[in-house]
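Student: Below are the C-alpha cells for one structure; questions will follow.
The values are calculated or read from the model by the stated rules, or taken from the named source; none is laboratory data. Since the model is a prediction, treat every value here as computed from it, not as a measurement. Methodologically, a virtual Cβ is constructed for each residue, glycine included, from the backbone with ideal geometry; neighbour enumeration extends over all protein chains shown.
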Amino acid sequence: MGFSHLARRAKAAVLASAGSPAQSRFGAPQSVLRRRAGQVIAIGLSLAIAAFSVYVLGRTVSSLSFSALRQAMGETSFGQIAAALLLTCLSFLALTGYDGLALLQLGARVRYKTTALASFTSYAIAFTLGFPLITAGTVRYWIYSQAGLTAGTVASLTFIAGVTFWFGNIFVLGAGLAFHAGAISTINHLYAFLNALLGLAVLSAIFAYLAWVTIRRREVSIKGFRLELPGPGLTLGQIVLGVIDQTAAAGALFVLLPAQSGIDYYAFAAIYVFACILGVASNAPGGIGVFEATMLKAIPAPSGEALFASLVLFRVIYYLLPFLLALAFLGAHHGFRQWKSLREAMRQSEEEVILEDEINPLRRWFRGSWRKNGS
C-alpha cells in the first residue's frame, strides 16, 4: 500500500462525512462563503505570523557571532543535556496517554505497545514535518488499521487527542498568567492585574467546560460527524496529561538555558506555551522560526548567542532525535510485520504438505523412496 494512498485514507478519516462540494455549494451557500472567508483569514494570519517571525529571527541571527554561538553550545554541561533528554522522554510518555484516553472513551481495545508506537511516531513526525492532518493522520491510520480500527474511529481518536493537547497548553498558559502575573508583566509589558485577569479567565473557561461535560453527556458535530465528548473523569485525565506533557517539554528547554537567564520556571512555561501556540498558528513545520523568534524576544539572557544555542540544542533533543527514532521504529515495525507474514506463509505451506501426505499414503511412500535414493 503506497504512502499516497495512506495519506488520502488518513485525510478522509479526519474529514469523514464532510459532504460533496456540489451539495454544499447549492445546499448552503452562505455557510460555504463563511467557511471560505474563515479559511482565507486563517491563511492570511498564518502567513503574517510567519513573515513577521522570519523578519525578527533574521535580524536577531544576523547580529549573532557564530564563534560565540559555538562557544555557548560547548559550555552546555552533560547534566543539562541529560536532564533535557529525561524531560523529553517524560513529555512523549505523556503523549502516548493522549491516545490511551481517547481509546478508553471510544471503547476500543488496543494493546499499549501498539498505542505507544502509533502515538509516539505520529507526534514525533508531525512535530518535525508539520501538516499533522497528513503526516500524523497517515501514521496513525497505518498502525491502528492493522489493529482493526476503522477510519471513523481513528478520526475520533485524533480529535480527542487534539483536545487533550490544547487542554495542556491552555491550562499552563492560564496558570502562568494568573499566578505569576508580575514576572510575565516584565516580558509582555502589560499590567500585572491584566495578566492575572486573563489567566483567571482562561482557567475559568476550562473549569466551565469541565462542569458542562459533568452535567450530562455532550456531543459535538464536526462536518456532520458526531462524537461524544469524554465525561468528567476522562476530562480530568486529559487536563493532567496535557499539563504533564507541556510542563515537561518546557522543562526540557528550561534546563538548557544559560544560568544567568534570571527567569523563573512558571513564567517561562507560560511563555513557552504561548510560543508554541504561535508556532501552531503559523502552520510552520514544528513552528520553526516562529517559536525561536518568540523565545528570543521574550526570554532575558546574558547574550543572544547563549539563548540561541539553547534553542538549537532543544530542537535537536526534542524534535530531531524523536523524529529519527520514529522513522527507525516504523521501519522496524514494517520489517517485523513482513517477516511475520513470511513465516506464516512458510508454516502454512509446511502444514499443507503434511496434510497432503496424510491423505495420500502413496505420495508419502514415493517421497520417502526418492529421498533415500537421493542420499
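Student: What number of residues in region 70-113 are over 26 Å from Glu305 (Cβ atoms) and outside any helix (DSSP H, G or I)?
Tutor: 5
Student: Another question, then. I'm told Pro132 meets every condition in (1) touching a Gly at 6+ places or on another chain (Cβ under 7 Å); (2) part of a loop (DSSP other than H, G, I, E, B) except one. Can you identify the failing condition by its number?
Tutor: Pro132 satisfies all of (1) touching a Gly at 6+ places or on another chain (Cβ under 7 Å); (2) part of a loop (DSSP other than H, G, I, E, B) except (1).
Student: If you take the residues of region 279-334 that are among the β-branched types (Val, Ile, Thr) and in contact (Cβ under 8 Å) with a residue 12 or more places away in the chain, which of them is surrounded by the most Cβ atoms within 10 Å (Cβ to Cβ)?
Tutor: It comes out as Val290.
Student: Under 7 Å between Cβ atoms, at least 6 apart or on separate chains: pull out the pairs that start in region 104-126 with a residue that is over 26 Å from Pro232 (Cβ atoms) and end on any residue that is buried (at least 22 other Cβ atoms within 10 Å of the Cβ) and basic (Lys, Arg).
Tutor: These pairs meet every condition: Ala118/Arg140; Ser122/Arg140.
Student: Determine, yes or no, whether Thr96 is over 23 Å from Gly237 (Cα atoms) and hydroxyl-bearing (Ser, Thr, Tyr).
Tutor: For Thr96, the condition - over 23 Å from Gly237 (Cα atoms) and hydroxyl-bearing (Ser, Thr, Tyr) - is not met.
Student: Another question about this same structure. Filter region 212-260 down to the residues that are farther than 13 Å from Gln105 by Cα and among the charged types (D, E, K, R), then identify the one that is modelled with the lowest pLDDT.
Tutor: It comes out as Lys223.
Student: Still on this structure, I have one more. Is there a residue in region 158-180 that is outside any helix (DSSP H, G or I) and loosely packed, with under 15 Cβ neighbours inside 10 Å?
Tutor: no
Student: Please specify each residue of region 195-236 satisfying the condition of being in contact with a Pro (Cβ under 8 Å, 6 or more places away or on another chain) and surrounded by 14 or more Cβ atoms within 10 Å (Cβ to Cβ).
Tutor: Matches in region 195-236: Leu210, Val213.
Student: Starting from region 131-153, keep only residues that are within 26 Å of Val280 (Cβ to Cβ) and touching a residue at least 24 places away in the same chain (Cβ under 8 Å), then list their pairs with residues that are crowded, with 21+ Cβ neighbours inside 10 Å and among the acidic types (Asp, Glu) whose Cβ atoms are within a distance under 9 Å, requiring at least 6 positions of separation or different chains.
Tutor: Filtered contacts from region 131-153: Arg140/Asp99; Tyr144/Asp99.
Student: Still on this model: Search region 85-142 for residues being more than 22 Å from Arg226 (Cα to Cα) and among the basic types (Lys, Arg), and hand back the single one that is nearest to the chain's Cα centre (by Cα).
Tutor: Lys113
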